[in-house]
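What follows is a single structure, written as structure tokens, with notes after it.
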Amino acid sequence: STQSMAKMATMWEQCSRLVPYWSTIIATSSIMAFLYLWVSDEATSAYSDIIEPMLSGIKRDVGRNWALTAFSYLAPLIVASSVAALLMTSAKLPASKMNWVNKFFAAIRSFGKEEAEAGRSIAKKNQFALGQADFNVISFWLIFLPYVISGFGYMPFSLDYATIAAIDNGSNVTRAKLVSASSLCGWAGALTLSFFLIPVTRHSVLLASMGWSPVHALRIHIWAGHLSFLYVLIHTILLFFVFLAYDDIPVWRQFIPNANCFGRDANFAPHHADDDATPPLSPGEDCQWQYWNLTGIVAFIFFAVLWVSSIHYFRRRWYRLFYILHVVFGTLMLLATILHFGFTALYLAPSIAYYLASTFPTLIQALASRFRKGVKIVKVTTIADSGGCVEVHVATTADANALLDREPCQYVKLCVPKISIVWHPFTVYKHPNDSKTVRILFRPIGPFTKELASSLTAPERPITMLDGFYGGADRTSQALQHDQVTIVAGGVAITPFLSMIPNLLTTICTTAPEKRVVKSITLHWSCRDRGLERFVTQNYIRGMIATANKLDSSVAFHVMIYHTGKGGIEVLQDSSSDNMSVEDYIEERRENESVSSDEAHDYEEGGMPFDVSPKRNLSDDEGENLEAGDATLDHTNAGTDGHMMELAHMLPGRFAEFRWNLPYFVALSAGMWTVFCLLFRLYYGHWMVRLYYNRWDFNAYYLAAEATWVTIVIVAISFALSCAIEGMVFLSQSRWPSPTADRFMVEEVSASKEHELTDASSVGQSVVKHIQGRPKPADLFEQASQAEAPGIFICGPLGMTSVIWKEARKENSFFGRTRYCVYDEPFEF
């Protein structure tokens, strides 16, 4: 029957969505298991016995060891990425209820000092496995623990080997141990960076498979960077201690090669040869030793600059400088690390391959957008009495608009080459009745946003490029799991919820009353600017109230607006859902700010506050717009060229059927495996030649040129593949059949239904309150504390979100109890 077929289709969609999810988990688990096995000879031998039959074609032991490492440690995530690229669809990731875990932990807690009734109450309110994951905890388990155990766990074997070698050579045992410990820390530092680029890769299919936001997953990148720098710092300190305490030559001679080291007869590391009769050279004569130390100290300096510029204080205040230093010094650090010790390229291969294969096509698409005059900006609205806030309307394609309907709380990366080549993140949202544009609301507070606001309102708009969308889990689906939804926003940080709340209310409206889980929705919004509050209220919150009023009494919608600025409450304290009267507002503005007669006329006609710069005269067309009461003021008649914003061609989960992913799968897999195999083959082959022929007498020019040219070749090949991928996408748009609208778009609301939802004449359970001053934690948790399964969604400055997390943890615990599920939309990058 039709119902059975529909049910089977739904099950298939869920299964196809779970395959990328479990592929990523299995790949990550196998890598962690390999790291833990590494520290045990017995476990490693047993594992090798299982895998080595597959590697029987490799004759030398060292070759099999490298192949074993590649098979077990480097390749799994590359394989998982290819699987996810093919099977990742737009189906939503099912939420894990884990009811048996809830009951188990709740039963344990009921045997405490509290009475049995209290224990049953806890069991009823527990929400274990729901809520946003703590990425510090995830980073601890994925990064810190395995790489610390694999690094320091191997230390006893390394020290024993160094002791035996020192006794055989008649050298100082303590020095040998310190050098061995230092080398192990350096190796662990490189190993920790094996997958550090995956969280910062554009449109990462692995993050999409897990339903993780790139902003939250950034914590994994940060933990990997901190741990790697700690390892490298220990590596450097131990070596300098050896130079000072055990070697008789000056320290600078350890890492400044002699002039002879750059000639054909340079003495490069004969002590690495298998000929035990050849005595090792002293550190001051060993060109290979000096070359390693020189490139190592250069890599450490680059890493130190990179680490200092990544500190939150630096990043928050000088984002552009942080971004440039991160890109420049990050690249130089990786290159210097490869020069320092070439085999580190093998550990960095999966991360570099994944990053280049995913990011380069996106940059090529952005470059194509640059030559197409950027995206088309439809309107630019400046909001008076708002601290300079600007709202931008960007024309979008149907699939981009539909994706934002389906999954709100997305952001884009914006670049204006005239201002800066740096890409800046901005939250995007849409109006429920507008299916042709997406919108960006921002306050100009930094150098970039100030220049952006000025440029967008100038006579000629600059070329603007957008890359998106970026997001994580579906916030609407998460909210629908809770009986009480509390939303907390501060200032312009309300933007993620301008799409989420209408989407949530519309979904509830179209759900049968007996199937509704959500009983109440409460929005707490702190705003210090009267103009911004009035603009958002009239354009967005009123529509939310109109939709909520169509719900029956079983669902309540409350809006609490906290005025934290001076004088705001005198104007709005008696406001209802319709706010104060227009006449009262005009009179208030005339008394305090001398509103012009033209501006007053615009208010009387139902328009919105606007900001007319006195530095330029209004054109006749703009004057007519003002007299007509137009709610928005387009600051220029030029600069309207451009194209509609398109979804990134490498965006995972774009389609509902995985067969449409075939071009994406071919492009990503070809890029990843090409770069990975080239890196592995070049460096593996080079080291095999050196070991097989016992040839270590290469001069420094050769070593530097080798690593440099390999890097250049890899980047050039990635760029060429990206251009080919972009060309293939353009060709496939005309030759590859496109999916019909109902296969990648959410169901559009019909005109009659849309009118029904926006009719504000009905009386419902909506309440709007204006309150002077900042809210207290108890105020924000008032409704949530009375609910069975509350969910709290927050977006705002770090200080505000920290208070909410702290309050939630008073009743949450790490041992099975989740009273409040908190979902954080990052506001500060």
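From the alpha carbon centroid of region 185-233 to that of region 374-388 is 36 Å. Ranking E782, E657 from most to least accessible surface, computed with a 1.4 Å probe over the protein chains only, gives E782, E657. Let me know the shape class of region 135-255, please: from the alpha-carbon gyration tensor, a ≥ b ≥ c as square roots of the eigenvalues, rounded when a/c is under 1.5, otherwise prolate if a/b is greater than b/c, or oblate. It is prolate, given that a/c is not under 1.5 and a/b is the larger ratio. Computing FRET efficiency as 1/(1 + (r/R0)^6) for I445 and V328, where r is the C-beta to C-beta distance and R0 is 25 Å, gives about 0.45. May I ask you to compute the full-extension gain from L662 to D134, defined as 0.36 nm times their residue separation minus their alpha-carbon distance, rounded to one decimal in nm? Difference between extended and current length: 186.7 nm. Using the Cβ-Cβ distance between L244 and R316 with R0 set to 45 Å, the FRET efficiency works out to roughly 0.75. Annotation note: trypsin sites (Lys or Arg not before Pro) in region 380-457 located in DSSP loop regions with a Cβ neighbour count of at most 16 within 10 Å are K418, K436.
Taking θ as phi - 60° and the Karplus parameters 6.51, -1.76 and 1.60, the scalar couplings of region 537-549 work out to 4, 6, 8, 10, 5, 4, x, 4, 5, 4, 5, 5, 5 Hz in sequence order, x denoting glycine and proline. When the pairs K379/K450; K413/K550; K436/K566; K92/K769; K550/K806 are compared against a 29 Å limit on Cα-Cα distance, K413/K550; K436/K566; K92/K769; K550/K806 fall above it.
Nonpolar atom fraction for region 127-212, defined as the carbon and sulfur part of the 1.4 Å probe accessible area, stands at 68 percent. Applying 1/(1 + (r/R0)^6) with R0 = 51 Å to the Cβ-Cβ distance of K566 and N169 gives a FRET efficiency near 0.10.
For region 353-398, rounded, prolate or oblate, judged on the Cα gyration tensor with a ≥ b ≥ c (square roots of eigenvalues), a/c < 1.5 rounded, else prolate if a/b > b/c? Prolate, because a/c is 1.5 or more and a/b exceeds b/c.
Put simply, the amide H of A384, placed in the peptide plane, has neighbours under 5 Å in F610, D611, leaving out anything fewer than 5 places away on its chain.
Within the shell of other residues whose beta carbon sits under 13 angstrom from the beta carbon of S420, the net charge comes to +3, with Lys and Arg scored +1 and Asp and Glu -1. Figure legend: label point modelled 7 angstrom from the Cα of H643 along Cα→Cβ; residues of region 424-458 with amide N under 19 Å from it are 436-438.
Annotation: Cα Rg of region 406-529 relative to the compact-globule expectation 2.2 N^0.38 Å equals 1.24. Translational diffusion of region 286-367, estimated by Stokes-Einstein from the Kirkwood radius over alpha carbon pairs at 37 °C in a medium of 0.692 mPa s, is 230 µm² per second. Between Q3 and S554, full extension at 0.36 nm per residue minus the direct alpha carbon distance yields a gain of 195.4 nm.
The values are calculated or read from the model by the stated rules, or taken from the named source; none is laboratory data. Computed from a predicted structure; not experimentally measured. Ideal geometry is used to build each Cβ from the backbone, glycine not excepted, and the neighbour counts take in all protein chains shown. For the accessible areas, the whole protein counts, side chains as well, though only heavy atoms, and no ligand, DNA or RNA atoms are used. Shrake-Rupley method; radii C 1.70, N 1.55, O 1.52, S 1.80 Å.
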